[in-house]
Amino acid sequence: MRFLGNIEAKIDSKGRAFLPAQFRKSLMACGETDLVLRQDIFENTLVIYPQSVWNTLIDEMRSRLSRWDRRQQMVYRTFVSGVTSIAIDGSGRILIPKNFLQAADIDQSLRFVGMGDTIEIWTNKPDEELPLLNKEDFGAALEKLMKPRPSSSPTEE
């Protein structure tokens, strides 16, 4: 499943928004009905994880963290405690809890951004833009990230 696009939407007084049809279709095609909502770690936005993506992420995180290290347990606890399960209703809407809306500074208008295997929810205020790199910085960063890595050659003895 791949979520692509940048779609504006409105939120009603109860905190419900229509999940864009293309995202719903991707979820249904993969049989995903359960979703997890979490505030992003780095940005002032919300992230929707299909349950299977969330489970893979949690499994990977758990495998990297020791249950016997207090700090690592705190990191894990902090990460998983700030989530809630959400569902798509019969009309194609999701209910976003008020505390999540407030945390992301979302009032009446929002923006869904497809991020591959997750969906971000941003405020859609006229004075706020998505944090994107300018064209030159993006090109330089992408070139650096995607440059082939030199293969390690066997050492001569």
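Scanning region 43-67 for residues that are surrounded by fewer than 17 Cβ atoms within 10 Å (Cβ to Cβ) and either closer than 15 Å to F100 by Cα or in contact (Cβ under 8 Å) with a residue 60 or more places away in the chain (or both) turns up E43, N44.
Given the criteria among the β-branched types (V, I, T), surrounded by 11 or more Cβ atoms within 10 Å (Cβ to Cβ) and free of Cβ contacts under 8 Å to residues at least 60 places away in the same chain, does T78 qualify? Break it down stepwise before answering.
Details: among the β-branched types (V, I, T): yes; surrounded by 11 or more Cβ atoms within 10 Å (Cβ to Cβ): no; free of Cβ contacts under 8 Å to residues at least 60 places away in the same chain: yes.
No.
Each residue in region 20-52 was checked for being modelled with pLDDT under 95 and either more than 18 Å from the chain's Cα centre (by Cα) or aliphatic (A, V, I, L, M) (or both), and 6 of them qualify.
Quick one: is I106 touching a residue at least 12 places away in the same chain (Cβ under 8 Å), of a type in the set (V, I, T), surrounded by 14 or more Cβ atoms within 10 Å (Cβ to Cβ) and closer than 18 Å to E32 by Cβ?
On the way: touching a residue at least 12 places away in the same chain (Cβ under 8 Å): yes; of a type in the set (V, I, T): yes; surrounded by 14 or more Cβ atoms within 10 Å (Cβ to Cβ): yes; closer than 18 Å to E32 by Cβ: no.
When the stated conditions are applied, I106 does not pass them.
When the criteria are applied in full, W68 fails the requirement of being part of a helix (DSSP H, G or I) and either more than 23 Å from P131 (Cβ to Cβ) or within 17 Å of the chain's Cα centre (by Cα) (or both).
The values are calculated or read from the model by the stated rules, or taken from the named source; none is laboratory data. These numbers were taken from a predicted model, which means no experiment stands behind them. Glycine gets a Cβ as well: all are built from the backbone with ideal geometry, and neighbour counts include every protein chain shown.
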